[in-house]
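Take a look at the structure below.
Here, each number is a calculation from the coordinates, and none is a lab measurement. The shown structure was predicted, so the numbers you read here are calculated from the model rather than taken from an experiment. Cβ coordinates were reconstructed from backbone atoms using ideal geometry, including for glycine residues, and neighbour counts include every protein chain displayed.
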Amino acid sequence: MDTSYDRDLLEHVLLPVAHPDDARRSAKALARYDPGRVTTLHVVEKGEGVPDKTPVEQSEEIAAESYAAVREVFPDAGEHTAYARNVVDAILEAADEVGASAIVYRSRGGSRLMQFLSGDLSLKLVTKADRPVVALPTAEDD
């Protein structure tokens, strides 16, 4: 990965999404910043020896619907599906694999308790990333 960052921050963004509604909202929030290229990422959480949260087939269907939702806003958006137990590591690996200039996401919020219990994925993403991480603003009427 080129870490000189002499290129445009939004030249090629990786947009992690959780489900179609999140994908649609994230794409709309990103559109106002006019990125050069968008690759949508959906992480299928694998249990690695424990039962999966959802069946893989169902997760892959959610991924396909999420990619379609992003393409409503960015018709040329690429897609990348990762299979992993650790979502943050999967996002960082995907950013490397697609050569993203930045990781752009829309915070899903939640109470402080939920953030604590989830290990605050946003904090982990920002502190572990080797490239810029951009948090899109969220609107109450989303």
Length gained if residue 65 through residue 83 is fully extended, taking 0.36 nm per residue and subtracting the Cα-Cα distance, is 4.8 nm
Taking 0.36 nm per residue of separation between residue 72 and residue 9 and subtracting their Cα-Cα distance, the length gained on full extension comes to 20.4 nm
Per the rule of 0.36 nm per residue minus the C-alpha distance, extending residue 34 to residue 96 adds in nm 20.2 nm
Ranked on Cβ counts within 10 Å of their own Cβ, fewest leading, 40, 127, 54 go 127, 54, 40
Using alpha carbon positions and the Kirkwood radius, the Rg to Rh ratio of the range 11-90 is 1.00
Sequence order, the range 31-40: Karplus ³J(HN,Hα) from phi using 6.51 cos²θ - 1.76 cosθ + 1.60, θ = phi - 60°, Hz rounded, Gly and Pro as x, gives 4, 5, 9, 6, x, x, 8, 10, 10, 8
